[in-house]
Amino acid sequence: MKLKLTLVLLTLLFVSPAFSDGGATTGEDGGHGVLCRIRTSQVESREVFRDYSLETLDLFEARTKYHALRSYRSQSLVFELSRNETQTRVCHILSARLKRLKKFASEVSVLSDAFSLACGMRFSLEEITTTHDHGQIHAKLPRYCKVVQIGLTKWVGGSREVVLSRDLKEWLNVHQLAALVLHESLHGYFVRSHSTLAVRQMVMFAFAKGEFLKANASLLSELVDQRKPIDPAKITSLR
């Protein structure tokens, strides 16, 4: 009986799509994101939700843990744009981010190829099953939020392609997509054994506010030079 109960509890833990009631932790994969229900009204003590927000884990943790950037939730949604227009906007975002990073750390120039790779990375829409990959970086999930699988990468005709979740397309905006493809393209630069954490930190710097970059410019240089993650305790939060 105890064994059966244990199996049931484990199944619920790893399969249930239920939203968090606060206090849960996020996962570690670059293809994961945080989907939150947005309360729009309250009827007779019952909360009413009419919309959702979607954010990659890299940007969610950078925003909530270090207050390094503003929210990009209000940007143009991918499903509203043509494929070519989406690609063009993603490239524009990444080019602008790389140019700005160079102002704070000239070493970032060595990442030009990675940014170009992200700019040209193709994407498609498919049904995706959420995988639970809990890892080193943790951030508290707000109430009514859960970790979801935004996308996966696969090799198609000798090149990598990002497969995006068809179920989440209507909440994915171009800035989140730019962060996602940049994450995937940066893995080849950093030391493999430390790749995930270093990549997340690099994406955070790429999308961070100027104030955050100024306060942590030396750490940005260290991250690029050493090709390994910097000690999170060294990072200066904006709050």
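If I stretch the segment between His92 and Glu127 completely, what's the gain in nm (0.36 nm per residue apart, minus their alpha carbon distance), one decimal?
Gain in length upon complete extension: 9.8 nm.
By how many nm would the segment from Arg143 to Thr64 lengthen if fully extended, with 0.36 nm per residue of separation less the alpha-carbon distance?
Net length gain for the segment: 27.1 nm.
So what does Trp171 come to for accessible area, using a 1.4 Å probe and Å² rounded to 10?
So the heavy atoms of Trp171 present about 50 Å² to solvent.
Can you work out the PRE-style zone for Lys228? Point 7 Å along Cα to Cβ, and I want the residues of the range 154-195 with backbone N under 12 Å.
Only 191-195 fall inside the zone, counting backbone N under 12 Å.
Tell me, what HN-Hα J-couplings in whole Hz come from the Karplus equation 6.51 cos²θ - 1.76 cosθ + 1.60 at θ = phi - 60° for each residue of the range 200-205, using x for Gly and Pro?
Calculated HN-Hα couplings, in order: 4, 5, 5, 5, 4, 4 Hz.
In what sequence, largest accessible area first, do Leu213, Leu152 appear using a 1.4 Å probe?
So, going from the largest accessible area down, we get Leu152, Leu213.
Rank these residues by their accessible area, most exposed first, probe 1.4 Å: His32, His175, His92.
Per-residue accessible area, sorted high to low, gives His92, His175, His32.
What is the distance, in nm, between label points placed 7 Å from the Cα along the Cα-to-Cβ direction at Val110 and at Ser221?
My value for the distance between the label points is 1.4 nm.
Using 0.36 nm per residue of separation minus the Cα-Cα distance, give me the extension gain between Ser237 and Lys214 in nm, one decimal.
In short, 7.1 nm is gained.
Cross-link candidates for Lys146: which lysines have Cα within less than 18 Å, leaving aside residues fewer than 8 places away along the same chain?
Lys65, Lys169
Could you work out how far the C-alpha centroid of the range 53-86 sits from that of the range 136-213, in angstrom?
Value for the Cα centre distance between the two parts: 10 Å.
The values are calculated or read from the model by the stated rules, or taken from the named source; none is laboratory data. Being a predicted model, the structure only gives us computed values, none of them experimental. Note that each Cβ is placed from the backbone with ideal geometry, even for glycine, and that neighbours are counted across all protein chains shown. Ligands, DNA and RNA are excluded from the accessible area calculation, which covers all protein heavy atoms including side chains. Shrake-Rupley method; radii C 1.70, N 1.55, O 1.52, S 1.80 Å.
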